[in-house]
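Comments concern the structure below.
All of the numbers you see were taken from the coordinates with simple rules; none came from a lab. Note that the structure is predicted; figures quoted are calculated from it, not measured. Every residue, glycine among them, receives a Cβ derived from its backbone with ideal geometry; neighbour counts consider all protein chains shown.
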Amino acid sequence: MGILKEIFNYISGLGSYVMIPLMITLVGLLVRLHPIKALKAGMTVGIGLISLNLVLGLIWTNISPVANLLVEKFGLKLTTIDTGWGAAAGLAFSTTVGSFIIPFILIVNILMLTLKLTNTVNIDIWNYWHYAFTGSVIYLLTHNIVYAFIGAAAHCIISLKIADYTAPKVQKELGIPGISIPQGFAVSTVPIFDLLDKFYDLFIPKSKKDNSDSKDKGKEIDSSKFGFLSVIAEPIFLGFIIGFLLALLVSYSIKDALNLGMEMAALMFLLPRATKILMEGLVPINEQARNYMQKKYNGQEFYIGLDSAVLLGVPTTVAVGLLLIPITLVLAMIIPTNTTLPVGDLASTAFFISMATVIHNRSFIKTLLSGTIMMSIVLCISSFFAPMITIFAKSGAAAMPEGALQVTALSAGNPIAFVFYQLNRLGIVGIALIIALTAGIVYFYSMKTKRETIKEDKGVVL
């Protein structure tokens, strides 16, 4: 058992740059793609991920100091320190549940595929930590390993079904066929954003032209036709303006503010191009997988499940994410139940609203409103889980920051983990409710996916 645990720990420790290309290559080989082509596809996807993270480094390198200065300027005195998603993932994988989460989730995914309950193959193994976290907090509450793994499995199943439902929208948004987003946090936001989108439609009139129309993607804005406001809404101008204003907010000099503005303009310009590298690697895999599945499984559709990071190639996501940095700090001050000082995950706010851009068809106003609501929820849940995460940290899994009474991570503010934790307070009744809730969600999203597929086939715009 100890050797098995060490093997899984080693696999999880390889990191996404190695694991994802390896899994892509294996998928290519399984669907009978030529070994050299499979390896090239896997490595190209890995290069795409590296490119994406290099570009995102502009946020973490240049915006993190701004975020720290904002914290000082607002004078926030909160007792729980946000240590960031990396620490949260490390803590989740360090538990008993986390040690076996990789093979366990792979088995759940294979069973779902075999029973034709999902079309998604979740190769985003590093982000299995979200399922590990759900199982770990349940175990901490109940001290029942069976309940913990049921909770982790339920989180995985819900993720796969929501990934199937959002797959056509994600593919349309990114222009990458055959992919879906089963990431454990991203999927938990979809029901919330769906409800909010319907609410917004009561008050915000829909534009005559869908912002996500693939025909318009990549085209330059004609300023003579749409005016100055449309010009500044272009990604590079918007990035410059947001970076420049954030710099002025923390009293940067004009020179430094202009530099930060240019760096954010570069971010907005380069992210979509980094995403295209991912597409180059995925296209041959998707084409071969589609042909293979049609022959072997009578045309069953097949999605490759990726990290929500690929959605950061959408300019609206990054622009709203940058604006959410000061908004999150204000929320941290005014929400009564919040004890969390946003630090570690503060520069990564775009990840929290990645699915909002998809659900809201790139609507800037809707995404900003939903982002504000989501960050309020995240602050409350991450504060709630702080005592449990602090127990993990004090056990030696992570270092405690100086002056912190508790530690947490904004990325641990997962609505699914919170609901499952609360239901487990009811013991066996709670487990029964989790199973029933999961079955209900599977049925609901299966029916919803079928209805929207029928609409799409009839030419109705979703």
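The simple Förster model, with R0 at 56 Å and r as the Cβ-Cβ distance, assigns I36 and R451 a FRET efficiency of 0.85. If you wrap the Cα atoms of the stretch 14-461 in a convex hull and average its projected area over all directions, you get 22.0 nm². Distances between placed amide hydrogens fall under 5 Å for N122 paired with G305, all partners being 5 or more residues away or on another chain.
Full extension of the chain between F444 and T114 yields a length gain of 116.8 nm, computed as 0.36 nm times the residue separation minus the alpha carbon distance.
Backbone geometry of the stretch 239-246 corresponds, through the Karplus equation with coefficients 6.51, -1.76 and 1.60 at θ = phi - 60°, to 3J(HN,Hα) couplings of x, 4, 5, 5, x, 5, 5, 4 Hz, x marking Gly and Pro. Using 0.36 nm per residue and subtracting the Cα-Cα separation, the extra length available between T79 and I428 on full extension is 122.2 nm. Extension gain for D256 to V18 (0.36 nm times residue separation, less C-alpha to C-alpha distance): 82.0 nm.
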